[in-house]
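Enquirer: What follows is a single structure, and I will ask about it in a moment.
Just so it is clear, none of the values below were taken in a lab; they were calculated from the coordinates. Everything numeric in this text was worked out from a predicted model, so none of it was measured. Neighbour counts are summed over all protein chains in view; Cβ atoms, including those assigned to glycine, are modelled from backbone coordinates with ideal geometry.
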Amino acid sequence: MKLFKLDAAQLKRIYNERLIFDFPENEQKPLDIIEEAIAKDIYECLGLMDEDNIIGYAFLAKKNKNYLLDFLAVYPEKRNSGVGGKILQLLAEYLEDADNVVLEIEDPDLTDDSEEKKLQTRRKGFYLRNGCRDTGLRIACFGVPFQLLFLGKNKTDNLDEIKETYLGFYKMIFSQEMLENNISDFSHVDTKSLT
């Protein structure tokens with residue numbers, strides 16, 4: 001398996017055939033915003049290739065040597081077979097020179113739906129088992145409550161720097177007014193008390 005940069009046709013196909021089904025509507029970014037960010041060299045879309053087939057993808061916002069893992073998914077027929085762990089391992093290798101790689105996961109502590117809670121808790125467990133670490137930061141972003149995690153090594157554990165790094169990704173793509181109206185409620189939990 002290997003990661004590679006998607007071309008425009010591959011990106012469009014994955015977006016229309018997979019991403020809109022793999023992620024809730026309130027977490028999706030319009031394709032034109034993604035394409036515009038790629039043109040500005042602040043966004044990167046990778047595919048996971050197994051022999052001749054794309055079986056997963058990872059979309060990354062980037063600013064200097066910091067990255068936000070915006071979307072990560074494995075095709076349904078390849079799930080629960082170790083491919084998710086492999087793509088995270090390949091991403092960590094691909095981004096080994098990065099200062100910080102931040103991920104957002106839906107916060108399982110803030111859902112009242114028991115099925116969603118199970119799914120979100122399982123997703124968090126997957127990331128933690130595969131080398132990610134909880135930063136302890138929590139945020140509401142475009143109406144979705146997230147927990148922020150790190151992938152691989154990170155340059156800082158300073159919470160203010162992590163917040164600024166995280167907000168920096170969105171500042172590159174969205175207007176200040178949109179950010180003020182849609183990103184809020186930064187909080188911190190002691191991750192030592194969670195283990």
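Enquirer: When a/c reaches 1.5 or more, the comparison of a/b and b/c decides; with that in mind, is region 20-115 rounded, prolate or oblate per its Cα gyration tensor? Don't skip to the answer; put the middle values down first.
Expert: Working: a/c = 1.37, a/b = 1.12, b/c = 1.23.
Since a/c stays below 1.5, the shape of region 20-115 is classed as rounded.
Enquirer: Can you tell which of THR165, LEU69, PHE126 lies farthest toward the positive end of the dipole of the chain, using +1 and -1 charges on the Cβ of basic and acidic side chains (Lys, Arg; Asp, Glu)?
Expert: Value: PHE126.
Enquirer: What residues qualify as long-range amide H neighbours of TYR67, i.e. H under 5 Å apart, gap of 5 or more or another chain, H built at 1.01 Å from N?
Expert: Result for TYR67 returns ASN100, VAL101, VAL102.
Enquirer: Let me ask something else about it. Magnitude of the Cβ-charge dipole of region 2-194, K/R +1 and D/E -1, about the Cα centre, nearest 20 debye?
Expert: Working: 26 positive and 36 negative charges, 122 e Å.
About 580 debye.
Enquirer: Which entry in (i) 24, 20, 18; (ii) 41, 25, 16; (iii) 27, 20, 16 is this structure's computed semi-axes √(5λ) of the Cα gyration tensor in Å?
Expert: The value computed from this structure is option (i).
Enquirer: I would also like to ask the following. Could you pull out the pairs from LYS2/LYS63; LYS78/LYS117; LYS63/LYS153; LYS5/LYS86; LYS65/LYS155 whose alpha carbons sit more than 20 Å apart here?
Expert: On the way: LYS2/LYS63 24 Å; LYS78/LYS117 23 Å; LYS63/LYS153 17 Å; LYS5/LYS86 17 Å; LYS65/LYS155 10 Å.
Pairs exceeding the cut-off: LYS2/LYS63; LYS78/LYS117.
Enquirer: In whole percent, what relative contact order does region 2-194 give with Cα contacts below 8 Å and a gap of six or more residues? Mind showing how you got there, number by number?
Expert: Numbers: 268 pairs, mean separation 34.6, N = 193.
Computed value for region 2-194: 18 percent relative contact order.
Enquirer: Please identify every one of the trypsin sites (Lys or Arg not before Pro) in region 36-97 that sits in a loop by DSSP and has no more than 13 other beta carbons within 10 Å of its own beta carbon. Don't skip to the answer; put the middle values down first.
Expert: Values: sites: LYS40, LYS62, LYS63, LYS65, LYS78, ARG79, LYS86; in loops: LYS40, LYS65, ARG79.
The qualifying sites are LYS40, LYS65, ARG79.
Enquirer: Now for a different question. Please work out whether region 79-195 counts as rounded, prolate or oblate from its C-alpha gyration tensor, where a ≥ b ≥ c are the square roots of the eigenvalues and a/c under 1.5 means rounded, while otherwise a/b larger than b/c means prolate and anything else oblate?
Expert: Verdict is oblate for region 79-195.
Enquirer: I've got another one for you. Give the residue list of GluC sites (Glu not before Pro) in region 23-118 that are DSSP loop and have at most 11 other beta-carbon atoms within 10 angstrom. Display every interim value, and only then the final one.
Expert: Numbers: sites: GLU25, GLU27, GLU35, GLU36, GLU44, GLU51, GLU77, GLU93, GLU96, GLU104, GLU106, GLU115, GLU116; in loops: GLU51, GLU96.
Of the GluC sites (Glu not before Pro), the ones in loops of region 23-118 whose Cβ has at most 11 other Cβ atoms within 10 Å are GLU51, GLU96.
Enquirer: Could you point to the residue in GLY136, SER81, HIS188 farthest towards the positive end of the chain's charge dipole, with +1 and -1 charges on the Cβ of Lys/Arg and Asp/Glu respectively?
Expert: Farthest towards the positive pole: SER81.
Enquirer: Checking understanding here: applying a Kyte-Doolittle mean of at least -0.5 and a length along the axis of at least 18 Å (C-alpha), which whole DSSP H helices in the chain pass?
Expert: Span-like helices in the chain: 159-173.
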